[in-house]
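Here the structure comes first, spelled out in structure tokens, and everything after it is commentary.
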Amino acid sequence: MLDGKKTLFSGMQATGTITLGNYLGALKNWLDLDKEYECFYSVVDLHSITVRQDPAELRKRARNLLMLYLAAGLDPEKNCIYYQSHVSAHAELGWILNCFTYMGELNRMTQFKDKAAKHADNINAGLYTYPVLMAADILLFQSDVVPVGADQKQHLEITRDIANRFNAIYGDVFTIPEPYIGKQGAKIMSLQDPTKKMSKSDENPNASIILLDDTDTIIRKFKRAVTDSEAIVRYSDDKPGISNLMTIYSTMTGKTYEEIEREFDGKGYGDFKLAVGEVVANGLKPIQDRFYELSKDKAYVDGIIKNNAEKANYYARKTLRKVQKKVGFPEMPR
Ligand code: TRP
């Protein structure tokens with residue numbers, strides 16, 4: 001809770017360009033959350049360096065991500081979109097919270113185990129304490145709600161444990177965050193393996209629609225989407241490919257599954273795939289146009305980055321100062 005308004009916090013990693021799955025599953029649903037919440041969306045570059053990054057690539061992807069959020073329609077006056085590395089309180093609170101987190105707790109984090117296995121040559125301490133930094137992100141803004149996917153649930157749990165532990169010692173310092181359970185976005189699956197979630201890190205480029213894919217690419221990827229041999233557009237658990245395309249079509253057009261089944265009654269998958277491709281390409285076009293406009297307007301984007309970093313800093317410093325006092329750090333003499 002900040003200044004009487006409930007707070008929502010989310011962090012995004014700039015590892016690859018966001019997909020149609022990220023857009024329909026999350027971003028699109030965030031556009032009107034600013035009415036109810038004070039919203040913070042941080043490009044979490046401190047988290048990104050827990051795995052080795054090419055500096056120029058990281059810089060570019062992070063800025064593109066930030067511009068895509070703007071292009072998708074998040075109003076930067078009402079949503080604080082900023083780089084984590086511009087707000088040093090993240091690292092400072094992260095350190096303090098490290099001292100309130102047990103190795104036993106971190107040892108249980110399944111994402112650490114997965115990532116350690118994937119990056120066996122670089123199992124660094126940052127990767128290990130990643131959940132503590134994430135706790136700091138959330139607690140710095142006294143966040144009430146955090147929209148998290150299944151893969152981040154455990155990290156939100158440990159955040160609550162750390163916050164409760166700290167509060168038990170020092171009094172009510174932190175708001176205890178809850179998972180955001182408002183309107184959920186659609187779960188979009190891979191176009192090549194519809195039993196798997198669409199992911200920006202998929203090795204097969206045909207599996208995901210990247211938000212910046214051009215019309216031809218989008219249509220080509222939908223044409224190649226894996227389906228079944230029934231040749232009837234029908235929503236069913238045993239037709240994951242067609243059902244996924246129907247979810248996409250439905251989310252983009254607002255049509256129900258029954259309406260879609262009627263619309264494509266007697267038509268083949270070829271017609272349907274083309275229609276899905278066109279609807280997606282047309283739907284993403286305005287976002288892409290806006291993105292390329294923003295790419296050319298460096299001064300405007302820089303202004304947003306600066307103003308929002310200042311806003312984030314203001315709130316973050318407030319919480320950090322409170323925590324520093326509680327643990328016994330002295331005020332800087334004036
Ligand atoms: N760990 C999250 C992810 O990989 C990103 C993240 C960092 C985050 N800090 C956060 C998400 C705080 C929610 C809240 O997706």
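Restricting the search to region 99-140, which residues are assigned to a loop (DSSP other than H, G, I, E, B) and either of a type in the set (S, T, N, Q) or not assigned by TED's automatic domain parsing to the domain that holds Asn313 (or both)? Thr101, Asn122, Asn124 - these are the residues of region 99-140 that are assigned to a loop (DSSP other than H, G, I, E, B) and either of a type in the set (S, T, N, Q) or not assigned by TED's automatic domain parsing to the domain that holds Asn313 (or both).
For region 148-165, the set of residues classified as open to solvent by 60 Å² or more (accessible area, probe 1.4 Å) and within 8 Å of the ligand (Cβ to nearest atom) consists of Asp151 only.
Restricting the first member to region 93-113 and to residues that are in contact (Cβ under 8 Å) with a residue 12 or more places away in the chain, and the second to residues that are surrounded by fewer than 14 Cβ atoms within 10 Å (Cβ to Cβ) and among the charged types (D, E, K, R), the beta-carbon pairs closer than 9 Å and six or more apart or on different chains are Thr110/Asp151; Gln111/Asp151.
Checking each residue in region 42-80 for being within 21 Å of Pro131 (Cα to Cα), among the aliphatic types (A, V, I, L, M) and out of contact with any Ser or Thr (no Cβ under 7 Å at 6 or more places or on another chain) picks out Val43, Val44, Ile49, Val51, Ala62.
Looking across region 1-43, the residues that are in contact with a Lys or Arg (Cβ under 8 Å, 6 or more places away or on another chain) and either within 12 Å of the ligand (Cβ to nearest atom) or not charged (D, E, K, R) (or both) come down to Ala14, Thr15, Gly16, Thr17, Ile18, Thr19, Gly21, Asn22, Gly25, Asn29, Tyr37, Cys39.
Would you list the helices (runs of 4 or more DSSP H) that sit entirely within region 233-334 and hold 2 or more residues that are open to solvent by less than 30 Å² (accessible area, probe 1.4 Å)?
On the way: elements: 240-253, 257-263, 269-296, 298-327.
By residue number, 240-253, 269-296, 298-327.
When the criteria are applied in full, Ala225 fails the requirement of being assigned by TED's automatic domain parsing to the domain that holds Gly254, more than 16 Å from the ligand (Cβ to nearest atom) and modelled with pLDDT under 95.
Residues checked against (1) of a type in the set (D, E, K, R); (2) under 15 Å from the mean Cα position of the chain (by Cα); (3) surrounded by fewer than 16 Cβ atoms within 10 Å (Cβ to Cβ); (4) more than 7 Å from the ligand (Cβ to nearest atom):
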position: Asn122; (1), (2), (3), (4): no, no, yes, yes
position: Ala125; (1), (2), (3), (4): no, no, yes, yes
position: Pro131; (1), (2), (3), (4): no, no, no, yes
position: Met134; (1), (2), (3), (4): no, yes, no, no
position: Leu139; (1), (2), (3), (4): no, no, no, yes
position: Gln142; (1), (2), (3), (4): no, no, no, yes
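If I filter region 211-232 down to residues being in a helix (DSSP H, G or I) and touching a residue at least 60 places away in the same chain (Cβ under 8 Å), which single residue comes out as most open to solvent (accessible area, probe 1.4 Å)? Filtering region 211-232 for residues that are in a helix (DSSP H, G or I) and touching a residue at least 60 places away in the same chain (Cβ under 8 Å), the one most open to solvent (accessible area, probe 1.4 Å) comes out as Thr215. For region 166-182, the condition holds for at least one residue, the condition being that it is among the charged types (D, E, K, R) and either open to solvent by 40 Å² or more (accessible area, probe 1.4 Å) or more than 16 Å from the ligand (Cβ to nearest atom) (or both). Filtering region 88-100 to residues that are over 19 Å from the mean Cα position of the chain (by Cα) and open to solvent by less than 20 Å² (accessible area, probe 1.4 Å) leaves Ala89, Leu93, Gly94, Ile96, Leu97.
The values are calculated or read from the model by the stated rules, or taken from the named source; none is laboratory data. Being a predicted model, the structure only gives us computed values, none of them experimental. Here Cβ is always computed from backbone atoms with ideal geometry, including for glycine, and neighbour counts include all displayed protein chains. Calculation scope for accessible area: heavy atoms of the full protein, side chains included, ligands and nucleic acids excluded. Shrake-Rupley method; radii C 1.70, N 1.55, O 1.52, S 1.80 Å.
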